[in-house]
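The values are calculated or read from the model by the stated rules, or taken from the named source; none is laboratory data. Just so we're clear, the structure is a prediction, and the values are computed from it rather than from any experiment. Cβ: placed from backbone, ideal geometry, glycine included. Neighbour counts: every protein chain shown. Ligands, DNA and RNA are excluded from the accessible area calculation, which covers all protein heavy atoms including side chains. Shrake-Rupley method; radii C 1.70, N 1.55, O 1.52, S 1.80 Å.
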Amino acid sequence: MTATKAPTEPPAQQRTVRRPGDRIFSGAAKGSGIFILLVLAGVAAFLISEALPALTAPSDEIPGGEGLAGYVGPLILGTLLGAVIALIVATPLAVAIALYITYYAPRRIAAPMGYVIDLLAAIPSVVYGFWGLAVLAPELVPFHTWLADTLGFIPFFAGPASTSGRTMLTVGIVLAVMILPIISAISREVFSQAPALHREAALALGATRWEMIKMAVLPYGKSGIIAGAMLGLGRALGETMAVAIILSGGAGATVNLISNSNPSTIASNIALSFPEATGIDVNTLIASGLALFLITLAVNMLARWVVNRRADFSGAN
(Lines give C-alpha, C1' and ligand atoms only; values in the text may rest on other atoms or scores of the structure.)
Protein backbone atom coordinates (compact mmCIF):
# COMPACT_ATOMS: atom_id res chain seq x y z
CA MET A 1 0.00 0.00 0.00
CA THR A 2 1.55 3.21 -1.14
CA ALA A 3 1.07 6.35 0.86
CA THR A 4 -0.29 9.29 -1.01
CA LYS A 5 1.89 12.35 -0.84
CA ALA A 6 0.10 15.47 0.18
CA PRO A 7 0.30 18.18 -2.44
CA THR A 8 2.79 20.82 -1.55
CA GLU A 9 1.62 24.38 -1.51
CA PRO A 10 3.51 26.81 -3.67
CA PRO A 11 5.89 28.90 -1.66
CA ALA A 12 4.65 32.31 -0.83
CA GLN A 13 6.13 35.03 -3.02
CA GLN A 14 8.89 36.75 -1.21
CA ARG A 15 8.66 40.49 -1.12
CA THR A 16 11.63 42.13 -2.76
CA VAL A 17 13.45 44.33 -0.32
CA ARG A 18 14.99 47.37 -1.96
CA ARG A 19 17.84 48.99 -0.16
CA PRO A 20 18.10 52.77 0.07
CA GLY A 21 21.01 52.79 -2.37
CA ASP A 22 18.94 50.94 -4.98
CA ARG A 23 16.07 53.39 -4.60
CA ILE A 24 18.41 56.38 -4.88
CA PHE A 25 20.12 55.00 -7.97
CA SER A 26 16.81 54.10 -9.62
CA GLY A 27 15.39 57.56 -8.93
CA ALA A 28 18.55 59.27 -10.18
CA ALA A 29 18.56 57.24 -13.39
CA LYS A 30 14.87 57.92 -14.02
CA GLY A 31 15.32 61.61 -13.24
CA SER A 32 18.26 61.85 -15.62
CA GLY A 33 16.25 60.29 -18.44
CA ILE A 34 13.33 62.65 -17.84
CA PHE A 35 15.71 65.62 -17.65
CA ILE A 36 17.25 64.76 -21.02
CA LEU A 37 13.79 64.54 -22.58
CA LEU A 38 12.83 67.90 -21.08
CA VAL A 39 16.01 69.51 -22.42
CA LEU A 40 15.34 68.05 -25.86
CA ALA A 41 11.76 69.31 -25.78
CA GLY A 42 12.97 72.73 -24.61
CA VAL A 43 15.44 72.98 -27.49
CA ALA A 44 12.76 71.98 -29.98
CA ALA A 45 10.31 74.52 -28.54
CA PHE A 46 12.91 77.29 -28.67
CA LEU A 47 13.83 76.54 -32.28
CA ILE A 48 10.20 76.37 -33.40
CA SER A 49 9.21 79.59 -31.62
CA GLU A 50 12.22 81.54 -32.92
CA ALA A 51 11.90 80.12 -36.44
CA LEU A 52 8.17 80.84 -36.69
CA PRO A 53 8.60 84.43 -38.01
CA ALA A 54 10.80 83.10 -40.83
CA LEU A 55 8.35 80.28 -41.56
CA THR A 56 5.48 82.76 -41.99
CA ALA A 57 7.43 85.64 -43.59
CA PRO A 58 6.96 86.54 -47.28
CA SER A 59 9.57 85.24 -49.70
CA ASP A 60 11.05 88.66 -50.46
CA GLU A 61 11.94 89.21 -46.78
CA ILE A 62 14.08 86.07 -46.58
CA PRO A 63 17.77 86.58 -47.50
CA GLY A 64 18.24 85.81 -51.19
CA GLY A 65 14.63 86.67 -52.04
CA GLU A 66 13.72 83.08 -52.95
CA GLY A 67 11.87 82.14 -49.80
CA LEU A 68 12.87 79.97 -46.88
CA ALA A 69 13.03 76.78 -48.97
CA GLY A 70 15.33 78.45 -51.48
CA TYR A 71 17.60 79.62 -48.66
CA VAL A 72 17.74 76.45 -46.58
CA GLY A 73 17.63 73.95 -49.46
CA PRO A 74 21.22 74.45 -50.69
CA LEU A 75 22.46 74.41 -47.08
CA ILE A 76 20.74 71.08 -46.46
CA LEU A 77 22.28 69.75 -49.67
CA GLY A 78 25.77 70.87 -48.63
CA THR A 79 25.33 69.43 -45.13
CA LEU A 80 24.22 66.04 -46.40
CA LEU A 81 26.80 65.99 -49.19
CA GLY A 82 29.77 66.59 -46.92
CA ALA A 83 28.52 64.17 -44.26
CA VAL A 84 27.84 61.37 -46.75
CA ILE A 85 31.29 61.75 -48.33
CA ALA A 86 32.85 61.58 -44.87
CA LEU A 87 30.85 58.48 -44.00
CA ILE A 88 31.75 56.70 -47.25
CA VAL A 89 35.45 57.42 -46.76
CA ALA A 90 35.71 56.87 -43.01
CA THR A 91 33.61 53.75 -42.40
CA PRO A 92 35.69 51.20 -44.39
CA LEU A 93 38.93 52.66 -43.03
CA ALA A 94 37.66 52.64 -39.45
CA VAL A 95 36.46 49.02 -39.71
CA ALA A 96 39.76 47.93 -41.26
CA ILE A 97 41.72 49.72 -38.52
CA ALA A 98 39.55 48.15 -35.82
CA LEU A 99 40.03 44.66 -37.27
CA TYR A 100 43.79 45.13 -37.58
CA ILE A 101 44.18 46.39 -34.01
CA THR A 102 41.91 43.68 -32.58
CA TYR A 103 43.01 40.57 -34.50
CA TYR A 104 46.16 41.22 -36.53
CA ALA A 105 48.46 43.69 -34.79
CA PRO A 106 50.92 42.40 -32.15
CA ARG A 107 49.95 43.35 -28.63
CA ARG A 108 52.89 45.74 -28.22
CA ILE A 109 51.69 47.65 -31.29
CA ALA A 110 47.92 47.33 -30.90
CA ALA A 111 47.60 49.33 -27.68
CA PRO A 112 49.72 52.35 -28.79
CA MET A 113 48.00 52.38 -32.17
CA GLY A 114 44.60 52.42 -30.49
CA TYR A 115 45.68 55.35 -28.31
CA VAL A 116 46.91 57.29 -31.33
CA ILE A 117 43.69 56.71 -33.26
CA ASP A 118 41.60 57.77 -30.26
CA LEU A 119 43.77 60.86 -29.88
CA LEU A 120 42.48 62.14 -33.23
CA ALA A 121 39.16 62.86 -31.52
CA ALA A 122 40.89 65.26 -29.11
CA ILE A 123 42.24 67.56 -31.84
CA PRO A 124 40.15 70.77 -32.09
CA SER A 125 38.10 71.24 -35.23
CA VAL A 126 39.88 74.55 -35.90
CA VAL A 127 43.15 72.65 -36.29
CA TYR A 128 41.50 70.28 -38.75
CA GLY A 129 40.17 73.26 -40.66
CA PHE A 130 43.58 74.90 -40.98
CA TRP A 131 45.15 71.57 -41.92
CA GLY A 132 42.55 71.06 -44.62
CA LEU A 133 43.03 74.60 -45.92
CA ALA A 134 46.83 74.83 -45.85
CA VAL A 135 47.92 71.23 -46.48
CA LEU A 136 45.19 69.01 -47.87
CA ALA A 137 43.49 71.44 -50.28
CA PRO A 138 46.64 72.27 -52.33
CA GLU A 139 47.62 68.61 -52.44
CA LEU A 140 44.23 67.64 -53.85
CA VAL A 141 44.32 70.12 -56.75
CA PRO A 142 45.98 67.62 -59.17
CA PHE A 143 43.49 64.98 -58.07
CA HIS A 144 40.60 67.36 -58.77
CA THR A 145 42.01 68.04 -62.24
CA TRP A 146 42.36 64.30 -62.91
CA LEU A 147 38.77 63.69 -61.82
CA ALA A 148 37.51 66.46 -64.12
CA ASP A 149 39.50 65.08 -67.08
CA THR A 150 38.71 61.40 -66.49
CA LEU A 151 35.27 61.34 -64.86
CA GLY A 152 33.89 64.63 -66.14
CA PHE A 153 30.88 62.86 -67.63
CA ILE A 154 29.64 62.23 -64.07
CA PRO A 155 27.79 65.27 -62.63
CA PHE A 156 29.74 65.04 -59.38
CA PHE A 157 33.04 65.62 -61.23
CA ALA A 158 31.88 67.72 -64.18
CA GLY A 159 34.24 70.57 -63.37
CA PRO A 160 35.70 73.03 -63.86
CA ALA A 161 38.14 71.81 -61.26
CA SER A 162 39.03 74.19 -58.46
CA THR A 163 42.51 75.72 -58.54
CA SER A 164 42.53 76.24 -54.78
CA GLY A 165 41.28 72.82 -53.64
CA ARG A 166 38.64 74.39 -51.37
CA THR A 167 35.88 72.05 -52.48
CA MET A 168 33.23 69.83 -50.97
CA LEU A 169 35.43 66.80 -51.63
CA THR A 170 38.15 68.32 -49.46
CA VAL A 171 35.59 69.02 -46.76
CA GLY A 172 34.37 65.42 -46.91
CA ILE A 173 37.89 64.04 -46.50
CA VAL A 174 38.60 66.32 -43.53
CA LEU A 175 35.32 65.29 -41.91
CA ALA A 176 36.21 61.65 -42.56
CA VAL A 177 39.42 62.07 -40.56
CA MET A 178 37.45 63.72 -37.77
CA ILE A 179 34.86 60.94 -37.44
CA LEU A 180 37.35 58.11 -37.98
CA PRO A 181 38.23 57.67 -34.26
CA ILE A 182 34.54 57.52 -33.27
CA ILE A 183 33.68 54.70 -35.66
CA SER A 184 36.97 52.91 -35.00
CA ALA A 185 36.62 52.99 -31.20
CA ILE A 186 33.09 51.56 -31.22
CA SER A 187 34.01 48.94 -33.83
CA ARG A 188 37.05 47.82 -31.82
CA GLU A 189 34.94 47.45 -28.70
CA VAL A 190 32.33 45.36 -30.51
CA PHE A 191 34.86 43.19 -32.36
CA SER A 192 36.73 42.40 -29.15
CA GLN A 193 33.49 41.08 -27.60
CA ALA A 194 32.76 38.58 -30.35
CA PRO A 195 32.08 35.17 -28.73
CA ALA A 196 35.33 33.30 -28.27
CA LEU A 197 33.61 29.95 -28.83
CA HIS A 198 32.50 31.03 -32.29
CA ARG A 199 35.97 32.24 -33.22
CA GLU A 200 37.67 29.13 -31.88
CA ALA A 201 35.16 26.85 -33.59
CA ALA A 202 35.78 28.54 -36.95
CA LEU A 203 39.54 28.17 -36.56
CA ALA A 204 39.18 24.56 -35.42
CA LEU A 205 37.23 23.77 -38.59
CA GLY A 206 40.14 24.95 -40.68
CA ALA A 207 39.10 28.54 -41.42
CA THR A 208 41.78 31.12 -42.01
CA ARG A 209 41.92 34.20 -39.84
CA TRP A 210 40.05 36.28 -42.43
CA GLU A 211 37.43 33.57 -42.87
CA MET A 212 36.99 33.44 -39.11
CA ILE A 213 36.50 37.22 -39.05
CA LYS A 214 34.05 37.06 -41.94
CA MET A 215 31.99 34.25 -40.41
CA ALA A 216 32.17 34.95 -36.66
CA VAL A 217 33.22 38.56 -36.03
CA LEU A 218 31.62 40.73 -38.71
CA PRO A 219 28.09 39.27 -38.35
CA TYR A 220 28.30 39.79 -34.60
CA GLY A 221 29.58 43.36 -34.95
CA LYS A 222 27.24 44.66 -37.65
CA SER A 223 25.00 46.50 -35.21
CA GLY A 224 28.05 48.10 -33.58
CA ILE A 225 29.41 49.22 -36.94
CA ILE A 226 26.06 50.79 -37.81
CA ALA A 227 25.84 52.51 -34.44
CA GLY A 228 29.38 53.88 -34.77
CA ALA A 229 28.73 55.05 -38.33
CA MET A 230 25.57 56.88 -37.25
CA LEU A 231 27.41 58.57 -34.38
CA GLY A 232 30.10 59.64 -36.82
CA LEU A 233 27.44 60.88 -39.23
CA GLY A 234 25.93 62.98 -36.45
CA ARG A 235 29.34 64.53 -35.77
CA ALA A 236 29.85 65.26 -39.48
CA LEU A 237 26.39 66.83 -39.83
CA GLY A 238 27.01 69.27 -37.00
CA GLU A 239 30.63 70.18 -37.72
CA THR A 240 31.09 73.94 -37.95
CA MET A 241 34.56 75.47 -37.87
CA ALA A 242 36.45 73.03 -40.10
CA VAL A 243 33.88 73.45 -42.88
CA ALA A 244 33.72 77.22 -42.41
CA ILE A 245 37.51 77.57 -42.66
CA ILE A 246 37.82 75.45 -45.80
CA LEU A 247 34.81 76.72 -47.75
CA SER A 248 34.39 80.21 -46.23
CA GLY A 249 30.82 80.32 -47.45
CA GLY A 250 29.35 79.20 -50.71
CA ALA A 251 26.44 79.60 -53.07
CA GLY A 252 24.29 77.53 -55.33
CA ALA A 253 22.74 74.11 -55.07
CA THR A 254 25.23 72.20 -57.21
CA VAL A 255 26.36 68.65 -56.59
CA ASN A 256 29.77 69.24 -58.15
CA LEU A 257 32.38 68.03 -55.66
CA ILE A 258 35.50 69.54 -57.27
CA SER A 259 34.47 73.11 -58.09
CA ASN A 260 34.40 76.28 -56.01
CA SER A 261 30.64 76.76 -56.42
CA ASN A 262 29.75 74.58 -53.46
CA PRO A 263 26.88 75.20 -51.06
CA SER A 264 27.91 75.72 -47.48
CA THR A 265 26.61 73.61 -44.62
CA ILE A 266 23.97 74.69 -42.14
CA ALA A 267 26.29 74.82 -39.14
CA SER A 268 29.08 76.75 -40.88
CA ASN A 269 26.60 79.18 -42.45
CA ILE A 270 25.14 79.95 -39.02
CA ALA A 271 28.63 80.50 -37.56
CA LEU A 272 29.65 82.85 -40.38
CA SER A 273 26.38 84.78 -40.74
CA PHE A 274 24.99 85.03 -37.20
CA PRO A 275 27.28 87.81 -35.84
CA GLU A 276 26.03 90.31 -38.44
CA ALA A 277 22.42 89.08 -38.66
CA THR A 278 19.51 91.17 -37.40
CA GLY A 279 15.74 90.94 -37.49
CA ILE A 280 14.30 88.36 -39.83
CA ASP A 281 17.82 87.19 -40.77
CA VAL A 282 18.26 85.82 -37.25
CA ASN A 283 14.95 83.96 -37.48
CA THR A 284 16.00 82.55 -40.86
CA LEU A 285 19.26 81.23 -39.43
CA ILE A 286 17.39 79.67 -36.50
CA ALA A 287 14.99 78.08 -38.99
CA SER A 288 17.98 76.50 -40.74
CA GLY A 289 19.13 75.29 -37.32
CA LEU A 290 15.69 73.72 -36.85
CA ALA A 291 16.20 71.87 -40.15
CA LEU A 292 19.57 70.57 -38.89
CA PHE A 293 17.94 69.53 -35.62
CA LEU A 294 15.30 67.53 -37.48
CA ILE A 295 17.94 65.92 -39.74
CA THR A 296 20.07 64.75 -36.81
CA LEU A 297 16.97 63.53 -34.97
CA ALA A 298 15.90 61.54 -38.02
CA VAL A 299 19.40 60.06 -38.39
CA ASN A 300 19.49 58.96 -34.76
CA MET A 301 16.00 57.47 -34.95
CA LEU A 302 16.93 55.59 -38.12
CA ALA A 303 20.09 54.27 -36.49
CA ARG A 304 18.17 53.11 -33.42
CA TRP A 305 15.59 51.38 -35.63
CA VAL A 306 18.29 49.60 -37.65
CA VAL A 307 20.16 48.45 -34.54
CA ASN A 308 17.00 47.23 -32.80
CA ARG A 309 15.78 45.48 -35.94
CA ARG A 310 19.09 43.64 -36.33
CA ALA A 311 19.10 42.71 -32.64
CA ASP A 312 15.58 41.32 -32.91
CA PHE A 313 16.52 39.41 -36.06
CA SER A 314 19.60 37.93 -34.37
CA GLY A 315 17.53 36.96 -31.34
CA ALA A 316 14.95 35.24 -33.52
CA ASN A 317 17.66 33.19 -35.19
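Structure values in brief
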{"quantity": "Percent RCO, i.e. relative contact order, over the chain, from Cα pairs under 8 Å lying at least 6 residues apart", "calculated": "26"}
{"quantity": "MRE, 222 nm, helices only [DSSP H, n ≥ 4, -39500 (n - 2.57), over the chain, to nearest 500]", "calculated": "-23000 deg cm²/dmol"}
{"quantity": "Kirkwood Rh and Cα Rg combined as Rg/Rh, segment 58-110", "calculated": "1.48"}
{"quantity": "Cα gyration tensor, the chain - rounded (a/c under 1.5), prolate or oblate", "calculated": "oblate"}
{"quantity": "Accessible area per residue, Å², the chain with all protein chains present, probe 1.4 Å", "calculated": "58"}
{"quantity": "Cβ-placed point charges (K, R +1; D, E -1), dipole of segment 63-202 about Cα centre in debye, nearest 20", "calculated": "340"}
{"quantity": "Length-normalised contact order of segment 161-253 in % [C-alpha pairs under 8 Å, at least 6 apart]", "calculated": "45"}
{"quantity": "Accessible-area composition of the chain, carbon plus sulfur, in percent [1.4 Å probe]", "calculated": "67"}
{"quantity": "For q = 0.22, 0.27 Å⁻¹, Debye-computed log10 I/I(0) when each Cα of segment 159-210 counts as one equal scatterer", "calculated": "-0.86, -0.98"}
{"quantity": "Most mobile of GLY67, GLY206, GLY165 in a GNM of the chain (Cα contacts under 10 Å)", "calculated": "GLY206"}
{"quantity": "Relative counts (whole %) of C-alpha pair distances in segment 217-289, using bins that are 5 Å wide", "calculated": "3, 14, 17, 19, 16, 11, 8, 6, 4, 1, 1, 0"}
{"quantity": "From phi via Karplus (6.51, -1.76, 1.60), per-residue ³J(HN,Hα) for segment 219-235 in Hz, x at Gly/Pro", "calculated": "x, 5, x, 4, 5, x, 4, 5, 5, x, 5, 5, 5, x, 5, x, 5"}
{"quantity": "For the chain, built as a Gaussian network whose Cα springs stay under 10 Å, the top-fluctuating residue of THR265, THR167, THR150", "calculated": "THR150"}
